[in-house]
Amino acid sequence: MIKGQKVEVFVLKERCKGCGICVAVCQTEVLELSKEKNSLGYRHPVVINADRCLNCGLCEMFCPDFAIWATIEKESVLG
Amino acid sequence: MGTQQTHPVDALLHTENLPTIWCPGCGIGIVVNTFIQTLKRMKIKKDKIVIISSGLSCTGKISHHLSLKNIIVEKPFDEAKKFKEKNPQSKVIVFFSDSDLMVSSIDGLLDVCDKGTDICAIYINSFVCSTLFFHKKFTDFNFSRKDRKFEPKAVFNLPHLLKNHGASYIARWTPLHCRRLSYSIKEGILKPGFSFIEVISPCLMYYASRGCEGNNIDRMGNYLKNATIENGHPVENLYTEEMEHIIIGKFLDRA
């Protein structure tokens, strides 16, 4: 990731089982488990510090339910 | 938070079956995610990958979530050998766990290893049936929480056995070493001959009652903390006991 680029984090809350692995592995504390529950009764992650995300991809690699991923915003890509 | 509704690997998944069937905090989901991400990075065509499993235990449900060619049979290694002989171009991946070895015996595994069949076998070791070292039938297991006994004994050394039977690639990781696991899966798929990758993953159902491992993340973190990466370590001295020191790494890579 280049300085000045913005990262967008996507969460599919209906796929989440609330294991909390994404929250535990995130080194920059971007995520937090929500207080509300999804339709399955699990607390899903929410983004609290979006500007801190480094797009390391750990949350995407560790999520067992394919519910979270991050991409660089197209508008902020240089050139 | 974005509102995009498709995950980058959704094309390789049965999205209608998500969330996955495994317990929150189980390592199998991470292994499947790592496997799918590896396939995407390798840019292998979808029709050249074949997943074979026995359908037994939690590992058998992997094919339930992948929209690749799936074969579920009683003896996965025998089927893998036949399939590879008929379709030498396709990449055959066998997912199995200790329950498979308990129920359908180890003969098929040793047979494909002896013959050097080009298969990548991913073994998820959750110490549920304590691979071959208890030598107990399922009916001998005590499933009640109070009376269950965990007797530390030397676990059967599967990497050592398979090295002596001619495996060409042997590695062992935990789910939290997912980047290294990803490299191993890639090498295992591309390597000619029999490749064996062991993933040591906690079973929450079995160890939840012990009370010494904290919440679901801590249980997996314990394996990460107790693991030492020693690539090229002699497989004769591999020592595994659940919740004890674990040696992981790439042990064998025959040229």
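Below are the figures for this structure:
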read-out	value
Residues that are part of a loop (DSSP other than H, G, I, E, B) and more than 7 Å from chain B (Cβ to nearest Cβ), drawn from segment A:17-28	A:C26, A:Q27, A:T28
Which listed residue is among the hydroxyl-bearing types (S, T, Y) and in a loop (DSSP other than H, G, I, E, B), from B:T6, B:T38	B:T6
Residue within segment A:34-45 that is within 11 Å of chain B (Cβ to nearest Cβ), at positive phi, assigned to a loop (DSSP other than H, G, I, E, B) and crowded, with 19+ Cβ neighbours inside 10 Å present	no
Residues that are assigned to a loop (DSSP other than H, G, I, E, B) and without any contact (Cβ under 8 Å) to a residue 60 or more places away in the chain, drawn from segment A:1-16	A:K3, A:L12, A:C16
Single residue of B:K48, B:K40, B:K91 found to be in contact (Cβ under 8 Å) with a residue 24 or more places away in the chain, among the basic types (K, R) and buried (at least 17 other Cβ atoms within 10 Å of the Cβ)	B:K91
Condition check for B:S63: assigned to a helix (DSSP H, G or I), more than 14 Å from chain A (Cβ to nearest Cβ), within 17 Å of B:L13 (Cα to Cα) and of a type outside the set (A, V, I, L, M, F, W, C)	yes
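Rule-based calculations on the coordinates, nothing more; no lab input. Quantities reported herein were computed from a predicted structural model and do not represent experimental measurements. In this analysis, Cβ positions are derived from the backbone assuming ideal geometry, glycine residues included, and neighbour counts consider all displayed protein chains.
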